[in-house]
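Below is one structure; the comments refer to it alone.
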Amino acid sequence: MRARLAASAVLVALLALGTTGCTYMTDQATTTKYDPSDGIGTTLGDMQVVNALLVTADGATASLLINLVNHSGYGVQVNIQYENSEKTKVNDSVYVNADSVKSLGGSDASKLILSGIDAPAGSLFPVFLQYGDVTGQQLWIPVLAPTGEYASLAPESTPTP
């Protein structure tokens, strides 16, 4: 009788381990970091770059849509650098207050227009971000056409004479 009870207990334990054992070896999907939208992101020191993307109608000028999240207790000047189609480095900067978010490019946010570039919709465009003495990073930012939710976010194209 005891042997039968012990065998049943072992069988139940093996069955439970067999049906749930894979969860001990598999990472939870909710712990995997990913960019949940069309843009990309990264972390620079205490600064988090969230959902960076470019919107362009003509491939020569693009609006940078980006959220800069400053987790530090002091404001920082974020340097944004890119190379135009003439291979000239263009520098812009944005000030982000302490413990705050600075959004660029949205319908009710400040605008940062990249001009003189060669970045048609569907491509990736390199933009270098850096602040203070933190090592900067080059991001290959996706370039989107002004359709759907991005329809009103492309920069105004300048007419050619």
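Each reported figure results from applying straightforward, stated rules to the coordinates on display, with no laboratory input. All values derive from a computational prediction rather than experimental measurement. A quick note on method: Cβ atoms are made from the backbone with ideal geometry, for glycine too, and the neighbour counts reach across all protein chains shown.
Cα to Cα, under 29 Å, and not fewer than 8 places away if on the same chain: which lysines meet these conditions relative to K33? Counting by Cα, and skipping residues close in sequence, K33 has these lysines nearby: K102, K111. Computed per residue of the chain from DSSP H runs no shorter than four, each worth -39500 (n - 2.57), the mean residue ellipticity at 222 nm is -4500 deg cm²/dmol. Loop-located trypsin sites (Lys or Arg not before Pro) across region 62-143 with a Cβ neighbour count of 10 or fewer within 10 Å are K87, with loop assigned by DSSP. Principal-axis analysis of the Cα atoms of the chain puts helix 2-20 at an angle of about 10° to the longest axis. The aspartates and glutamates whose alpha-carbon is closer than 18 Å to the alpha-carbon of K89, local same-chain residues fewer than 8 away aside, are D118.
Positive end of the charge dipole of the chain (Lys, Arg +1 and Asp, Glu -1 on Cβ, about the Cα centre): tell me which of G73, I113, A9 has its Cα farthest that way. Highest projection toward the positive end goes to A9. The chain: longest stretch without exposed chymotrypsin sites (Phe, Trp or Tyr not before Pro) (DSSP loop, at most 15 other Cβ within 10 Å), sites themselves excluded? The longest uninterrupted stretch comes out as 75-161. Charges were assigned to the Cβ only: +1 to each Lys and Arg, -1 to each Asp and Glu. The resulting dipole of region 56-140 about its Cα centre is roughly 40 debye.
Computed about its Cα centre, the charge dipole of the chain is approximately 880 debye, with only Lys, Arg, Asp and Glu carrying charge at their Cβ. Each 5 Å bin, from zero up to the one with the longest distance, holds this percent of the alpha carbon pairs of region 1-157: 2, 8, 15, 17, 14, 10, 6, 4, 3, 3, 4, 4, 3, 3, 2, 1, 0, 0. Mean separation of Cα pairs under 8 Å and 6 or more residues apart, divided by the residue count, gives region 26-161 a relative contact order of 27 percent.
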